[in-house]
Amino acid sequence: MTRSAPTILVTGATGTVGREVAQRIPARYRVRLLTRRPEAVGRTADHIEVVAGEYADPESLDRALHGVDRALLVTADVGGDHDTRFLHAARSAGVRHIVKLSGASVSDPGADDLITRWQRDCERQLCASGMAWTLLRPRSFMSNTLAWAPTISSEGRVRALYGDSVNACVDPRDIADVAVRALTEVGHEGEAHVLTGPNPISAVQQTKLLAELLGQQLTFEELAEDEVRAQYRRRHPGPLADALLRSAERQRAGAKSRVENTVLRVTGHPPRSYAQWAADHLTAFVQAA
């Protein structure tokens, strides 16, 4: 690594995608990880620096962005101002290129829930920032099914809403592979990459695959809408709970079934299947008890 090597900032460095991105950026780049919990990062390679900070702390953003050429932006404050704060600090610091993790629903004209509107607004802010940009628009993460692990290990059961509706969900490792390409190659500026797995799959089909891999019988239990609404509202503010339900309804309507070839086109390898993802993470379902 030379002194002139570009510096890449990865936000959300302990999250599902950010952690994978940090592991994949070649050692010829300087990598800086921004996180509220540096202790959660663990051991890092020599070319990786970990800095403490958060979007609500302008001074920590300024420190993290000093000397940065490119950045991966991951935010989760639905309806909040984290994107606004970060983009202001990045522009002031002279960052040239932002790769933004968004969502595939922004391009669905029938999607108008709170989360999708927020994602669209965040994208608009980035595109109007004056910095080069790349948008990553993944479908649901395959890793979301880790939420089933406790009931799989304790009851041999999966509970979910709309069990037969399909989603072209994507392996977070494929999202990370595309993100690294966008951060380290030319030609991704001004692009919106929609990221999917190789085929649409339902919760019932995922349950069957997990049963085969685990070598045990699993039962799928369809949850009622009212039951799921109550669960969501115990965990989230009402508007966010309603947005999650509307998103599930769009999936039931078939809006999340389209498969794209973006992962293959950008990385040169086909997207990983749910069976591949599950096989690689099987111990998480066994150890949840």
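The values are calculated or read from the model by the stated rules, or taken from the named source; none is laboratory data. Keep in mind that this is a model prediction, so the values were computed, not measured. No Cβ is skipped: glycine too gets one built from the backbone with ideal geometry, and neighbour counts run over all protein chains shown.
Out of the strands (runs of 3 or more DSSP E) lying entirely within region 1-57, which hold 1 or more residues that are free of Cβ contacts under 8 Å to residues at least 60 places away in the same chain and either within 26 Å of M142 (Cα to Cα) or in contact with a Leu (Cβ under 7 Å, 6 or more places away or on another chain) (or both)?
The strands (runs of 3 or more DSSP E) meeting that bar are 30-35, 48-52.
For beta carbons closer than 9 Å, sequence separation of 6+ or different chains, a first residue in region 251-268 that is over 15 Å from E191 (Cα atoms) and a second that is modelled with pLDDT under 95 and part of a loop (DSSP other than H, G, I, E, B), there are no qualifying pairs.
Can you tell me how many residues in region 179-208 are part of a helix (DSSP H, G or I) and not hydroxyl-bearing (S, T, Y)? Steps first, answer last, please.
Here is the first cut: in region 179-208, the ones part of a helix (DSSP H, G or I) are 179-184, 203-208.
So of that shortlist, the ones also not hydroxyl-bearing (S, T, Y) come out as 179-183, 203-206, 208.
Summing the residues that are part of a helix (DSSP H, G or I) and not hydroxyl-bearing (S, T, Y) in region 179-208 gives 10.
For region 141-173, a residue qualifies if it is farther than 21 Å from E221 by Cβ, touching a Lys or Arg at 6+ places or on another chain (Cβ under 8 Å) and in a strand (DSSP E or B), and exactly one does: V170. Considering only residues in region 60-108 that are part of a loop (DSSP other than H, G, I, E, B) and among the hydroxyl-bearing types (S, T, Y), the one that is nearest to the chain's Cα centre (by Cα) turns out to be S102. Take the conditions polar (S, T, N, Q), surrounded by 15 or more Cβ atoms within 10 Å (Cβ to Cβ) and more than 22 Å from S257 (Cα to Cα) and apply them to S143. Does it pass? No, not satisfied.
Filtering region 215-234 to residues that are small (G, A, S) and closer than 19 Å to D164 by Cβ leaves only A224. Considering only residues in region 195-223 that are aliphatic (A, V, I, L, M) and touching a residue at least 60 places away in the same chain (Cβ under 8 Å), the one that is nearest to V259 (Cα to Cα) turns out to be L195.
Filtering region 109-127 to residues that are surrounded by fewer than 18 Cβ atoms within 10 Å (Cβ to Cβ) and over 18 Å from the mean Cα position of the chain (by Cα) leaves P109, G110, D112, R124, Q125, C127.
Residues to consider are A211, A176, A230; find the one that is modelled with pLDDT of 95 or more, part of a helix (DSSP H, G or I) and surrounded by fewer than 18 Cβ atoms within 10 Å (Cβ to Cβ). Talk me through it step by step, then tell me what you get.
Numbers: A176 fails: surrounded by fewer than 18 Cβ atoms within 10 Å (Cβ to Cβ); A230 fails: modelled with pLDDT of 95 or more.
On inspection, the qualifying residue turns out to be A211.
The set of residues from region 116-142 being closer than 23 Å to A71 by Cβ and of a type in the set (S, T, Y) comprises S129, T134.
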